[in-house]
Amino acid sequence: MNNQRPTPPLLTFADEERSPLSIRAKALVFIDPRSRQLRDDVDRLARLPIALLIRGESGTGKELLARYIHRESERGGLFVAVSCSAISAAAAEAELFGYAAGAHGAAPSSRAGWFGSANGGTLYLDEIGDLPLSLQSKLLTALETGEAWRVGATKATPVDVRLVAATSIDLRQAVAAGKFNERLYHYLSDGRVDLLPLRERTGDILPLAEYFLGVYAQRLSLPLPLIGAAAQRLLEQHAWPGNTRELENVIHFALLVSQGDELLPAHFNFRDPLAQLKTDLLRLVASGDAQQRSAISRLLHQAARQLEEVSPA
């Protein structure tokens with residue numbers, strides 16, 4: 001008998017977790033074959049009693065994936081999301097682990113902190129590389145021992161927390177530079193998950209575009225246009241350096257400037273790729289060293305040969 005729950009085709013934030021001002025990626029789908037493989041990997045890892053590290057570029061939907069992992073883990077506690085870059089440096093330890101009564105600014109009551117709030121559930125640390133180095137070893141100790149020390153406390157508090165962390169950088173390089181705790185990195189290594197950039201899972205682009213188009217058409221009380229064939233090809237060919245967040249913004253803009261019942265390539269606010277290429281090349285030539293300029297020259301010669309091969313006689 002198969003008791004496995006079907007994976008939803010679309011992951012979004014619950015209504016109470018949405019914010020129109022948020023810069024988070026607001027949707028994630030598993031349509032592209034590589035995304036389906038990711039889903040299979042995550043389903044396998046979700047119920048294992050190990051920490052997970054989600055690696056992916058900014059805007060790919062790492063928090064949505066972390067929430068999905070928490071739901072599939074069937075842990076009964078809360079999902080607590082924390083942006084490590086937003087933790088106050090002066091009060092970082094108290095924010096993360098909490099404090100005893102009277103220990104933090106003479107506060108009359110104690111506080112559990114983010115770690116204590118996630119007891120029995122999942123603590124999601126976004127951009128864990130930004131967590132102060134002095135706290136990384138304390139975080140690891142709490143995870144390994146199942147005990148957290150609140151600031152000013154005389155004894156540790158038992159905790160059962162599953163850590164899901166995310167990063168958009170290569171933490172190995174941060175470890176080599178002495179900016180990230182090596183033991184914490186190895187602790188996270190058993191459960192690494194790679195969330196590919198949108199340009200590498202092109203099968204997800206059109207379903208996401210259609211989702212955002214429906215969301216904004218409903219929100220703005222506008223007719224729902226179709227995405228024309230030429231517009232679809234352009235969306236699939238774009239590099240999407242801003243990933244899902246960029247796609248959402250592009251679709252929003254296209255809906256506002258379009259006329260009729262179809263989105264066309266002219267409705268997308270993409271920069272001219274040739275103009276962008278020229279700007280980037282001139283910048284690299286001006287700022288690069290001799291070795292870099294030589295590499296650019298070789299690349300241009302290679303491109304010229306390929307153009308000759310494909311150009312009609």
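Please work out the Kirkwood hydrodynamic radius for the range 199-267, using every pair of different C-alpha atoms, and report it in angstroms with one decimal place. By the Kirkwood definition, the hydrodynamic radius is 11.9 Å. Calculated mean residue ellipticity at 222 nm for the chain: -13500 deg cm²/dmol, from DSSP H runs with n ≥ 4 weighted as -39500 (n - 2.57), summed, divided by the residue count and rounded to 500. The ranking of 307, 284, 234 from fewest to most other beta carbons within 10 Å of each one's beta carbon is 307, 284, 234. Only lysines eight or more places from residue 26 in sequence, or on another chain, were considered; those with a Cα closer than 17 Å are 62. Protection proxy ranking for 244-252, 40-48, 293-301, 78-86, using the average of other Cβ atoms within 10 Å per residue and placing the highest first: 244-252, 78-86, 40-48, 293-301. Relative to the present Cα-Cα distance, how much length would full extension add between residue 277 and residue 144 at 0.36 nm per residue of separation? Here the segment from residue 277 to residue 144 would lengthen by 42.9 nm.
Over the Cα atoms of the range 193-313, the radius of gyration divided by the Kirkwood radius equals 1.09; this is the Rg/Rh ratio.
Three semi-axes describe the equivalent ellipsoid of the range 10-196; taken as square roots of 5 times the Cα gyration tensor eigenvalues and ordered largest first, they are 28, 18, 16 Å. Most tightly packed first, judged by the mean number of other beta-carbon atoms within 10 Å of their residues, the peptides 113-126, 192-205, 166-179 read 113-126, 192-205, 166-179. Helices in the chain that qualify as membrane-span-like (whole DSSP H runs, Cα extent of at least 27 Å along the helix axis, mean Kyte-Doolittle hydropathy of 0.0 or higher) do not occur.
When all alpha carbon pairs of the range 253-312 are counted in 10 Å bins from zero, the resulting P(r) reads 18, 28, 25, 20, 8, 0 %. Rounded to the nearest 20 debye, the dipole magnitude of the chain is 420 debye, with +1 charges on Lys and Arg beta carbons, -1 on Asp and Glu beta carbons, and the Cα centre as origin.
Considering only 115, 65, 251, whose Cα is most displaced toward the positive end of the charge dipole of the chain, charges sitting on Cβ of Lys, Arg (+1) and Asp, Glu (-1)? The residue sitting most towards the positive pole is 115.
Averaging Cα coordinates gives a centre for the range 115-146 and one for the range 184-204; these two points are 20 Å apart.
Every read-out reported here was derived from the displayed coordinates using simple, explicitly stated rules and does not represent laboratory data. For clarity, every value in this text was computed on a predicted model and none was experimentally measured. Here the Cβ is made from the backbone with ideal geometry for all residues, glycine too, and neighbour counts use every protein chain on show.
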